[in-house]
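First the structure, in the form of structure tokens, and then the observations on it.
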Amino acid sequence: MIAAQGVSLQYGGRVLFNNVNINFTKGNCYGLIGANGAGKSTFLKILAGELEPNKGSVAITPGERMAVLKQDHFLFDEYGAVETVLFGHKRLFEIMKEKEALYIRAAEEDFSDDEGIRLSELEEEFAELDGWSAESNAEILLNGLGITNEHHYTKMGELTGTQKVKVLLAQALFGNPDILLLDEPTNHLDIQAIKWLESFLLDFENTVIVVSHDRHFLNKVCTNIADIDFGKITMFVGNYDFWYSFTQMTQRQLKDQNKRVEQKMKELQDFIQRFSANASKAKQATSRKKLLDNLQMDTIKPSSRRYPFCNFKQDREVGNDVLLIEGLSKTIDGKVVLNNIDLMIRPNEKVAFVGTDELARTTLFQILMGELEPDAGHFKWGVTTKTAYFPKDNNEYFDECDDTLIEWLRPFAKEGEQYDADIRGWLGRMLFSGEEALKKAKVLSGGEKVRCMLCKMMMSGANVLILDGPTNHLDLESITAVNEGMVDYKGTLLFNSHDHEFVQTIANRIIEIMPNGVIDRAMTYDEYLDDESIDELRVKLS
């Protein structure tokens, strides 16, 4: 068990946590949620002992081992992948290194009896910690996350960023820790790795505390939700959807109850005002006055969460011809990324591009938007189409831009809607109100940049939207708002996202780009994942 006892933390005049008391017990997976800036990652650091609170303490059951998902992707660059995983069990790793040194010493003439006794003690502890299975267990974890055998002894510095993320996740999971702290564990994972992680955590019998923006993941693995709001943490039994439904229902009930109380108070006040001077009714008026004094409204404390308003409207409906792609091919740095792709996109389709090859999807979108030239083949947009594009890397729109957000957005406004009041209205929908609309574009955070790009797309009136990873950098509230906006959108949509719930609730067609073609199915994402024939096609097209 791990518990926070009277934990308080304040930065300057801002209170992040105020006298938090909460227990996390064995056998449960806790989803730690809260608005951006509520302190989710900060609270994990307090639990991990990486950050000292101003008041209070963290207590852990004696003898229990904690593992934390590391965020420094360069920390183990000189180590091989398997060795990096083994480091996740620090005591076992220390024993292995000390044993190795002593066995080297054992070949020397001056190897002492004390060293021999020490080696015997280490071997005993090594066996108790299941050291003989350590390397094979590390390899199993790596394979489960998609790091195949040929990379097991590759130095971390030679691996890609995505591979490093997977190795560090395997490190946290290694050795059956008693307490597991995971901050955004699904970031940069493909669907196969996420499914494997979900299965691992469902079978995990100890304590897990996880921060994630992936709603499907939280629903799948969480037994409890710990909600950070106004410096407090409230515990709910159930997954994310249960928490959301329960809190929405509670808010509605309180509002309805207050309306009834408010109506009753008005009736009593009217009676008292009408009859307080009437001798025959004075007693009744006095009685109602006492009743009125005892009535009170329940205080409904609004959540600190802020939801953007995403509403994508097309200026006109698209015609019968949307997009035709024939024989499209592209090689980048010697790697064939797109190989003779043929596709036809029809009106009002919402197409999710999925799979493990992110570069293929991004390259296709860049070609369709004229940012790259194909090596072969061609594509043709219908004459009635009007496109709006959300690129994976949007920094070029903001870096070195000294404009305020109003100035930044003005060039994208339609004729007659370029006044400050109009621009502020659009920015307000995406949570840039008041002085926030005067921020410089170059100082925006990743999430703020995404909201600005989405605002630009809403203003476009396009009937075809192309979005390359629109949920990256967004908090749960913004993801929910964008999700609802895409569901309601009446135009044609081409997109990709790592957010399972996002893809499942929006897409009516799934396309996976393979090395030798595409897998194309008119179905939902869950149907696609459950279709066993897809695996056979992947083998044929690989």
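Descriptive notes on the structure:
- One residue from LYS442, LYS490 being surrounded by fewer than 17 Cβ atoms within 10 Å (Cβ to Cβ) and touching a Cys at 6+ places or on another chain (Cβ under 6 Å): LYS442
- Of all positions in the stretch 225-242, at least one carries a residue that is basic (Lys, Arg), surrounded by fewer than 18 Cβ atoms within 10 Å (Cβ to Cβ) and within 16 Å of LEU32 (Cα to Cα).
- Residues located in the stretch 7-35, provided they are open to solvent by 50 Å² or more (accessible area, probe 1.4 Å) and assigned to a strand (DSSP E or B): GLN10, TYR11, ARG14, VAL15, ASN18, ASN19, ASN21, ASN23
- Residue check, LEU202 farther than 22 Å from GLU501 by Cα and part of a helix (DSSP H, G or I): no
- Qualifying position, being crowded, with 19+ Cβ neighbours inside 10 Å and not in a strand (DSSP E or B), among ALA38, ALA4: ALA38
- Of note, LEU169 does not satisfy the criterion of being open to solvent by 10 Å² or more (accessible area, probe 1.4 Å), at negative phi and modelled with pLDDT of 95 or more.
- Candidates ASP183, ASP178: the one that is in contact with a Lys or Arg (Cβ under 6 Å, 6 or more places away or on another chain), touching a residue at least 12 places away in the same chain (Cβ under 8 Å) and open to solvent by 20 Å² or more (accessible area, probe 1.4 Å) is ASP178.
- Count of the stretch 196-215 residues which are free of Cβ contacts under 8 Å to residues at least 60 places away in the same chain and of a type outside the set (A, V, I, L, M): 5
- Meets criteria (closer than 16 Å to GLY161 by Cα, at pLDDT 90 or above and open to solvent by less than 60 Å² (accessible area, probe 1.4 Å)) for GLY80: yes
- Positions within the stretch 338-360 being open to solvent by 10 Å² or more (accessible area, probe 1.4 Å) and either touching a helix residue (DSSP H, G or I) at 6+ places or on another chain (Cβ under 6 Å) or not aliphatic (A, V, I, L, M) (or both), in sequence order: ASN339, ASN340, ASP342, ARG346, PRO347, ASN348, GLU349, LYS350, GLY355, THR356, ASP357, GLU358
- Scanning the stretch 54-69 for residues being more than 17 Å from LYS90 (Cβ to Cβ), open to solvent by less than 80 Å² (accessible area, probe 1.4 Å) and either at pLDDT below 95 or not in a loop (DSSP other than H, G, I, E, B) (or both) gives a total of 4.
- Filter result for LYS414 (among the charged types (D, E, K, R), touching an Asp or Glu at 6+ places or on another chain (Cβ under 8 Å) and in contact (Cβ under 8 Å) with a residue 24 or more places away in the chain): no
- Members of the stretch 347-380 found to be in contact (Cβ under 8 Å) with a residue 60 or more places away in the chain and more than 24 Å from the chain's Cα centre (by Cα), listed by number: PRO347, ASN348, GLU349, LEU364, LEU368, MET369
- Test: residue in the stretch 70-77 that is open to solvent by less than 80 Å² (accessible area, probe 1.4 Å), under 25 Å from LYS220 (Cβ atoms) and touching a residue at least 60 places away in the same chain (Cβ under 8 Å): yes
- Single residue of the stretch 1-25 satisfying the filter (farther than 16 Å from ILE209 by Cα and among the aromatic types (Phe, Trp, Tyr)) that is modelled with the highest pLDDT: PHE17
- Tabulated pairs, the stretch 501-520, first open to solvent by less than 40 Å² (accessible area, probe 1.4 Å), second among the basic types (Lys, Arg) and in a strand (DSSP E or B), C-beta under 9 angstrom, 6+ apart or interchain: ILE506/LYS350; ALA507/LYS350; ARG509/LYS350; ARG509/ARG521; ILE510/ARG521; ILE511/ARG521; GLU512/ARG521
- Matching option when the condition is open to solvent by 50 Å² or more (accessible area, probe 1.4 Å) and within 14 Å of ARG91 (Cβ to Cβ), among GLU108, GLU139, GLU125: GLU125
The values are calculated or read from the model by the stated rules, or taken from the named source; none is laboratory data. None of the values given here were measured: they were computed from a predicted structure. Using ideal geometry, Cβ is built from the backbone for each residue, glycine included, and neighbour counts are taken over all protein chains shown. All accessible areas refer to the heavy atoms of the entire protein, side chains included, with ligands and DNA or RNA removed. Shrake-Rupley method; radii C 1.70, N 1.55, O 1.52, S 1.80 Å.
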